[in-house]
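The values are calculated or read from the model by the stated rules, or taken from the named source; none is laboratory data. Fair warning: this is a prediction, and the values are worked out from it, not measured in the lab. Glycine also receives a Cβ, built like all others from the backbone with ideal geometry; neighbour counts cover every protein chain displayed. Just the protein is used for accessible areas: all its heavy atoms, side chains included, with ligands, DNA and RNA removed. Shrake-Rupley method; radii C 1.70, N 1.55, O 1.52, S 1.80 Å.
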Amino acid sequence: MSTSVESFADLGLSDTLLQTLTQIGYETPSPIQAQCIPVLLEGHDLIGMAQTGTGKTAAFALPLMETIDVKLMKPQALILTPTRELAIQVAEALQSYAKNLPGFHVLPIYGGQSYTIQLKQLARGAHVIVGTPGRVMDHLERKTLNLDNLKTLVLDEADEMLRMGFIDDVEWILEHTPEQHQTALFSATMPEQIRRVAQKYLVEPREIKIKSATATVAAIRQVYWQVSGMHKLDALTRILEVEDDFDAAIIFVRTKTATVELADKLNARGYAAAALNGDLNQQMRERVIEQLKSGALDIVIATDVAARGIDVPRISHVVNYDIPYDTEAYVHRIGRTGRAGRTGNAILFVAPREIRMLRTIERATRQPIAPLTLPSRADVTNKRVAGFKEKVAEVLNAEGLEFFANIVSQIAEEQNVGAEEVAAALAMMAQEGKPLQIAGEDPPPARPMRGDDRRQASFGERDEHRPRFGERPAFPDRGGDKPRFERPRDHEDRRQRTPPTGDMVRYRIDVGREHGVQVKDIVGAIANEAGIESRFIGRIALYEESSTIELPAGMPSEAANALKRTRVRGVPINLRPDEGRPDSAGGERKFKKKPNY
Ligand code: ADP
Ligand code: MG
């Protein structure tokens, strides 16, 4: 959020959509939304540059939805995304924005999904298609997807599509769409190839870039927790419990709905918490702030707008439960703590895909943000036990203990136990409903994040869709915890001689160096088409005309079928089990046996 308080109503959206936004709890547009929506509504082509988590989906989805003729059951918008997770996410977002558009239909199509189902869905019709490049291209070729009525084409995360080796497919699609349509291209960065695609296929595009202004922040302890292995709510309560100088906190979330939900959940866990959002009138808002000041409340869960200007000296902690849209918002948020000469603490929750925003914030504020180790169960227990001991010690100094000491002796005598056991029973009674130990397990330590390798985070590691701790990945981790497989980039020939690792099967595919293929292209295509997380993809060896790839054994036939049809750089890969070593030239071999799936 930038400091300009623009409202959605100023952007030219229809009343229907404005009503929907109110219903789903969006208070104000994010900077990229505020700038892109009017331009897109005017019909211009657009290049939007902003990082992950800045609200790009609504930036293109809302204007696009204004152009949809619901009565015409034909694809009128096509959104290309690099991964199936994103295709699903974007489709879900559109569906939620279509709350008040009866009959509106959005269809995600991606590799790995059965063709039968997809063909049926396509035949039934949809207004918006959200898909990964390979599968969209495939349907266009088969003529099962018709874009004659296309009004809008969106390339979401264009740099990611480039990184994953889909740029040729994207261009192919751009070549095969009718000329007359609006095109919007979104990208976090603007590599040369993306720039070239934009120049070639966009018509006088407006360029919108969300810059990060530098700013200085007061001496506030800043830490971040990488969201992994545990729900944010559990992590939050653990952290708050163990933080040393905790007094009061403001927790920032993105939506009004989230303020209320989180307040309810924290109340249920015994915190004195309340929501502060734009739905409250001035009087109610002041009341909440007054209660926070007086100590009647310890936690306020707020949206950016609602928290503007709050000055409550006892706020010891600011928690960025949802990462802010930009550095300005971050600086504004954490400025709510460390007031009146007190120490302040700022805790930031960062999902793997938001790592770039973390680095941007560090750069903009010129301060490092240190990783926070999540308190373990033992840490929490120790803290609780220490608090309990303190309370007992206080009572030991209080008046009137004799009366109770007498009762304790009586119980001990009657039950024939020691005073210690009676004390234990009483302690248990005293802690009823507020256990000193917490349930659940400690999550495994998070894998270190690497800001410069987003491809890794693109598969399965996007926060919402990665398997949660304790859950097994859908496919294909049969053997429990396995190490990440190493992916060779050079010395392939040496590695080729080693047998596949663990329950891996080696396959051969008909694309190789002469097709201009790189390892990342293969990983991208396989991950998307078969729905295999990239970390389960084993070694890949590139030869001149073909390549080998190791995939987990026991591949479901759906995935196998999808892979047979997959293309890399436009070349059908014809995946089948590898039955031998290639000749020294890496040339072709003929395979007589049929693949055994
Ligand atoms: P990006 O595509 O830039 O990575 P998304 O479009 O996925 O970002 O948005 C990130 C999150 O922010 C989503 O959960 C979305 O619902 C939420 N969000 C987007 N715009 C707003 C808004 N104006 N108010 C509140 N939440 C928003
Ligand atoms: Mg996005």
Review point. Got at least one residue in segment 32-54 being within 29 Å of HIS176 (Cα to Cα), of a type in the set (A, V, I, L, M, F, W, C), open to solvent by 40 Å² or more (accessible area, probe 1.4 Å) and within 13 Å of ligand 2 (Cβ to nearest atom)?
Key: no
Exercise for review: Return yes when LEU292 is in a helix (DSSP H, G or I) and surrounded by 23 or more Cβ atoms within 10 Å (Cβ to Cβ) and no when it is not.
Suggested key: yes
Revision key, fill the gap. Here the residues within segment 347-377 that are closer than 22 Å to SER30 by Cα and more than 21 Å from the chain's Cα centre (by Cα) are ARG363, ALA364, THR365
Exercise for review: Quick one: which residue in GLY470, GLY433, GLY400 is on the phi > 0 side of the Ramachandran plot, open to solvent by 60 Å² or more (accessible area, probe 1.4 Å) and modelled with pLDDT of 70 or more?
Suggested key: GLY433
Point to revise | Lone unmet requirement of (1) away from ligand 2 (no atom under 16 Å from the Cβ); (2) at positive phi for GLU157 | key: (1)
Revision key, fill the gap. Residues in segment 332-363 that are open to solvent by less than 30 Å² (accessible area, probe 1.4 Å) and either hydrophobic (A, V, I, L, M, F, W, C) or free of Cβ contacts under 8 Å to residues at least 12 places away in the same chain (or both) total 11
Check your understanding: When ARG366 is evaluated against the numbered criteria (1) at positive phi; (2) free of Cβ contacts under 8 Å to residues at least 24 places away in the same chain, which criterion, by number, is the only one it fails?
Key -> (2)
Revision key, fill the gap. Considering only helices (runs of 4 or more DSSP H) wholly within segment 15-90, the ones with at least 2 residues that are over 21 Å from LYS151 (Cβ atoms) and within 14 Å of ligand 1 (Cβ to nearest atom) are 15-24, 31-41
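Considering only residues that are free of Cβ contacts under 8 Å to residues at least 40 places away in the same chain and assigned to a helix (DSSP H, G or I), which ones fall in segment 171-196? Don't jump to the end; show me each part of the working.
Here is the first cut: in segment 171-196, the residues free of Cβ contacts under 8 Å to residues at least 40 places away in the same chain are 171, 174-176, 178-181, 191-196.
Listed by number, the residues that qualify are GLU171, LEU174, GLU175, GLU192, GLN193, ILE194, ARG195, ARG196.
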Exercise for review: Please enumerate the residues belonging to segment 108-155 that are among the charged types (D, E, K, R) and either buried (at least 23 other Cβ atoms within 10 Å of the Cβ) or not in a helix (DSSP H, G or I) (or both).
Suggested key: ARG135, ARG142, LYS143, ASP148, LYS151
Review point. Mind checking which residues of segment 330-363 are within 16 Å of ligand 1 (Cβ to nearest atom), under 20 Å from ALA307 (Cα atoms) and in a strand (DSSP E or B)?
Key: LEU348, PHE349
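Can you tell me which of TYR97, TYR115, TYR110 is among the aromatic types (Phe, Trp, Tyr) and within 29 Å of PRO191 (Cα to Cα)? Full working, then the answer.
On the way: TYR97 fails: within 29 Å of PRO191 (Cα to Cα); TYR115 fails: within 29 Å of PRO191 (Cα to Cα).
The match here is TYR110.
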Check your understanding: Using beta carbons and a limit of 9 Å, which pairs, at least six apart or on different chains, have the first residue in segment 52-76 and over 17 Å from GLY12 (Cα atoms) and the second one within 14 Å of ligand 1 (Cβ to nearest atom) and open to solvent by 50 Å² or more (accessible area, probe 1.4 Å)?
Key -> GLY55/TYR26; GLY55/ARG254
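Can you find a residue in segment 378-386 that is of a type in the set (A, V, I, L, M, F, W, C), within 16 Å of ligand 2 (Cβ to nearest atom), in contact (Cβ under 8 Å) with a residue 12 or more places away in the chain and part of a helix (DSSP H, G or I)? Can you show your working first?
Residues of segment 378-386 that are of a type in the set (A, V, I, L, M, F, W, C), as a first pass: 378, 380, 385-386.
With the extra rule that they be within 16 Å of ligand 2 (Cβ to nearest atom), the set shrinks to none.
So far as segment 378-386 goes, no, none of its residues is of a type in the set (A, V, I, L, M, F, W, C), within 16 Å of ligand 2 (Cβ to nearest atom), in contact (Cβ under 8 Å) with a residue 12 or more places away in the chain and part of a helix (DSSP H, G or I).
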Check your understanding: Name the pairs: first residue in segment 243-270 and touching a residue at least 60 places away in the same chain (Cβ under 8 Å), second residue in a helix (DSSP H, G or I) and surrounded by fewer than 18 Cβ atoms within 10 Å (Cβ to Cβ), Cβ to Cβ under 8 Å, at least 6 apart or on different chains?
Key -> THR255/ILE24; THR257/ILE24
Check your understanding: If only one of LEU140, LEU185 is touching a helix residue (DSSP H, G or I) at 6+ places or on another chain (Cβ under 8 Å) and farther than 16 Å from ARG567 by Cβ, which one is it?
Key -> LEU185
Check your understanding: Any idea how many residues of segment 271-287 are surrounded by fewer than 17 Cβ atoms within 10 Å (Cβ to Cβ) and among the small types (Gly, Ala, Ser)?
Key -> 1
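Restricting the search to segment 9-31, which residues are within 20 Å of GLU261 (Cα to Cα) and either within 16 Å of ligand 2 (Cβ to nearest atom) or in contact (Cβ under 8 Å) with a residue 12 or more places away in the chain (or both)? Don't jump to the end; show me each part of the working.
Of segment 9-31, the ones within 20 Å of GLU261 (Cα to Cα) are 20-28.
Selection gives THR20, LEU21, GLN23, ILE24, GLY25, TYR26, GLU27, THR28.
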Review point. Looking at (1) within 14 Å of ligand 1 (Cβ to nearest atom); (2) touching a Leu at 6+ places or on another chain (Cβ under 6 Å), which is the one condition that is false for GLY12?
Key: (1)
Check your understanding: Considering only residues of segment 92-106 that are of a type in the set (Gly, Ala, Ser) and within 12 Å of ligand 1 (Cβ to nearest atom), which is least open to solvent (accessible area, probe 1.4 Å)?
Key -> ALA93
